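Everything below concerns the one structure shown next.
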Amino acid sequence: TLLGNPNIQQATWDFGDNSSHSSGAQVTHQYTNPGAYTMEIVGVGLNGCQDTVWMPLTIHPLPYLHAGNDTAICPGNGVVLSAQGTLNITWEQGLTQGQIYTPIQPEYLTAFGVDTLQCAVSDSFFVQIHHIDSVEAMSPGFVCLGDSMQLTAHAFQGIWWENGYQDQQWVMETVGIHTYVVHGIDANGCSSSDSTYIEVYPLPLVHAGNDTTVCAGTTIPLQATGAPQILWSNQVGNGSIIPIQTNQTLSA
């Protein structure tokens with residue numbers, strides 16, 4: 001801003017940085033580099049006479065501020081806000097220096113700094129959130145009492161089952177539904193979990209019938225109970241009538 005005689009009809013500003021000159025009693029100029037400059041202001045009065053004023057000006061360099069390097073984290077993990085540089089550091093969104101912040105989506109985090117000369121600067125870093133390549137447990141299984149099933153899962157590394165079970169272990173359980181939880185780590189180091197179950201069916205209570213005595217050459221019906229599908233040890237279906245010639249043991 002030019003202060004002086006109101007009869008000045010023109011003022012020309014040379015900012016000393018090889019930039020274009022500006023005219024007017026009040027002008028705005030932005031320096032692109034720090035350093036010591038000398039501004040020259042030439043004023044022309046109504047009578048055509050002119051006067052020149054020189055003014056020294058120091059442009060301080062911006063303070064150093066490093067918010068942090070771009071990073072990628074697993075969902076649910078946090079980042080420590082620890083910017084380096086200026087004396088007075090604040091963060092956007094009301095965050096504070098040294099805080100552990102847990103983002104829920106990818107975002108830029110920006111820090112602001114002010115030095116002793118009241119020069120202000122800002123810097124940001126980007127937080128990417130990994131997509132988890134989840135561990136996958138085997139499909140649910142269904143077995144009869146007395147049978148076993150193998151626990152299997154797929155993950156990049158670090159597969160472990162809860163309650164002391166081992167991967168690839170064969171398990172034999174009692175009647176009922178048994179749930180198994182497995183954890184694993186993907187290629188980004190992110191952990192996830194999955195679950196599966198095994199349902200154990202009770203064995204049918206089959207009754208083949210009472211022991212009996214018949215005459216040789218006669219026939220008897222084979223009629224067992226206790227299951228919807230029954231096959232006898234002589235490979236005939238339930239309800240079949242067979243001839244008896246000798247003593248024999250039949251089971252269903």
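If I ask for residues that are free of Cβ contacts under 8 Å to residues at least 24 places away in the same chain, touching a strand residue (DSSP E or B) at 6+ places or on another chain (Cβ under 6 Å) and open to solvent by 60 Å² or more (accessible area, probe 1.4 Å), which ones from segment 9-29 would you list? Those that are free of Cβ contacts under 8 Å to residues at least 24 places away in the same chain, touching a strand residue (DSSP E or B) at 6+ places or on another chain (Cβ under 6 Å) and open to solvent by 60 Å² or more (accessible area, probe 1.4 Å): 21, 23.
Against the conditions (1) in contact (Cβ under 8 Å) with a residue 40 or more places away in the chain; (2) assigned to a strand (DSSP E or B), residue 179 satisfies every one except (1). From the list 114, 42, the lone residue that is in contact (Cβ under 8 Å) with a residue 40 or more places away in the chain, among the aliphatic types (A, V, I, L, M), over 30 Å from residue 159 (Cβ atoms) and open to solvent by less than 90 Å² (accessible area, probe 1.4 Å) is 114.
Filtering segment 23-37 to residues that are outside any loop (DSSP other than H, G, I, E, B) and farther than 15 Å from residue 53 by Cα leaves 35, 36.
Yes/no per residue for (1) at pLDDT below 90; (2) in contact with a strand residue (DSSP E or B) (Cβ under 9 Å, 6 or more places away or on another chain); (3) among the acidic types (Asp, Glu):
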position	(1), (2), (3)
38	no, yes, no
43	yes, yes, no
46	yes, yes, no
54	no, yes, no
57	no, yes, no
70	no, yes, yes
77	no, yes, no
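Just one of (1) under 59 Å from the mean Cα position of the chain (by Cα); (2) touching a residue at least 24 places away in the same chain (Cβ under 8 Å); (3) surrounded by 10 or more Cβ atoms within 10 Å (Cβ to Cβ) fails for residue 222. It is (1). Here is the figure for segment 146-163: residues that are out of contact with any Asp or Glu (no Cβ under 6 Å at 6 or more places or on another chain) and either under 30 Å from residue 85 (Cβ atoms) or open to solvent by 60 Å² or more (accessible area, probe 1.4 Å) (or both) total 5.
Any residue at all in segment 150-160 that's under 27 Å from the mean Cα position of the chain (by Cα) and without any contact (Cβ under 8 Å) to a residue 12 or more places away in the chain? No: zero hits. Scanning segment 120-137 for residues that are more than 19 Å from the chain's Cα centre (by Cα), crowded, with 17+ Cβ neighbours inside 10 Å and hydrophobic (A, V, I, L, M, F, W, C) yields a single hit, 137. Please verify whether residue 99 is within 24 Å of the chain's Cα centre (by Cα) and either of a type outside the set (D, E, K, R) or buried (at least 16 other Cβ atoms within 10 Å of the Cβ) (or both), treating the condition exactly as stated. Against the criterion (within 24 Å of the chain's Cα centre (by Cα) and either of a type outside the set (D, E, K, R) or buried (at least 16 other Cβ atoms within 10 Å of the Cβ) (or both)), residue 99 qualifies. Screening residue 143 on (1) among the hydrophobic types (A, V, I, L, M, F, W, C); (2) assigned to a loop (DSSP other than H, G, I, E, B); (3) open to solvent by less than 70 Å² (accessible area, probe 1.4 Å) shows it passes everything except condition (2). Selection of first residues in segment 193-207 that are under 23 Å from residue 230 (Cα atoms) and modelled with pLDDT of 95 or more and of second residues that are of a type in the set (Asp, Glu) and open to solvent by 70 Å² or more (accessible area, probe 1.4 Å), restricted to Cβ pairs under 9 Å at least 6 apart or on distinct chains, gives the following pairs, ordered by first then second residue: 200/147. Considering only residues of segment 58-79 that are of a type in the set (S, T, N, Q) and over 13 Å from the mean Cα position of the chain (by Cα), which is least open to solvent (accessible area, probe 1.4 Å)? Out of the qualifying residues, it is 58. Quick check on this structure: which one of 200, 181 is among the β-branched types (Val, Ile, Thr), under 28 Å from residue 73 (Cα atoms) and surrounded by 14 or more Cβ atoms within 10 Å (Cβ to Cβ)? After applying the criteria, what remains is 181.
The values are calculated or read from the model by the stated rules, or taken from the named source; none is laboratory data. If you're wondering where the values come from, they're calculated on a predicted model, not measured in any experiment. Glycine also receives a Cβ, built like all others from the backbone with ideal geometry; neighbour counts cover every protein chain displayed. Keep in mind that these areas ignore ligands, DNA and RNA; they rest on the heavy atoms of the full protein, side chains included. Shrake-Rupley method; radii C 1.70, N 1.55, O 1.52, S 1.80 Å.
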